[in-house]
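Report on one structure; see the data block that follows.
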Amino acid sequence: MKLDYEILAEYVAGGCEPEVRAQIDRLQETDSAVADAIEELRAQKSWIRDSFDELLDLETPASLNKTVGIAQTSDSESSSVRSETVSDKRPKFSGRSIAAGLLLLIAGGVMGFGLQKRAATESSLTWTAAVAEYQALYSRQTLNIADATQEQRIQTASYLEGLSGLEVAIPDLDDFELAFKRGQYLEVKGQPLIQLAYLPESGGPVALCFKAQAGEDVAPVQGRHAGLEMQHWRANGVAFVLVGSDRDQVRSVSEHLFRTRSL
């Protein structure tokens, strides 16, 4: 059975024929990519319901200040994501500025003030959903920097490898009109996560993120979160997600990376 996001959404909503539900039940136990997708959909469903209740109970914007405090406190349990940035010009140590942005994005989301409590319950988001929400902050101006040279790519890859312990190769996506701009080291629940940011000739930025994840290889699976298109897959013990605004572009690049094992 070929699964897509729509079938899994129907499954989470309680639909699907009994035989389809039984197959998905079995797949959840053996395929972490399917399990992650289902977890993400359930989190979205719960999030929307809870956020509506929070909107009704919201009193003052003071709670936003409390949320910002949580996001900026690096020793807090809820602040479990940190980052280092490497630009196209030279490796840069950016501290925790991106981490605060990520947590604020998770806290704010697309529902506005009603989602402020999200920062304290970050663990209910899957890592792919967190990546998509972080990427939703990006604009073309975010990556309005010079393209990286080959030497700078090598420096960036070496730096990120040293931080993460992962093998890092920066794919050349010129054939897809995607220019590599910078790399970042992030952490999700204490686990290293690498982000490689690309900018197309037109349209929104594209990000390739990956982290270690044991399991068999899984071909790219389509998803959508925070208004962005996603494809996630696993190869050689590493889980990947590609996020961007152009569905066809995200799909074609993901299939290329999976097929060629470019990382």
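What follows is calculated from the coordinates using simple rules that are stated; it is not laboratory data. These figures come from a predicted structure and were not determined experimentally. Cβ sites come from the backbone with ideal geometry, for glycine too, and all protein chains shown count toward neighbours.
Numbers for the structure displayed
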read-out	value
Phi-based couplings in Hz for the range 131-137 (Karplus 6.51, -1.76, 1.60; Gly and Pro marked x)	4, 4, 5, 5, 4, 4, 6
For 25, 36, order by how many other beta-carbon atoms lie within 10 Å, fewest first	25, 36
Candidates per GluC sites (Glu not before Pro) in the range 182-248, loop by DSSP, up to 12 other Cβ within 10 Å	201, 216
Top positive-direction residue, dipole computed over the range 156-263 with Cβ charges, set 241, 200, 260	241
Kirkwood-based shape ratio for the range 141-221, expressed as Rg/Rh from alpha carbons	0.98
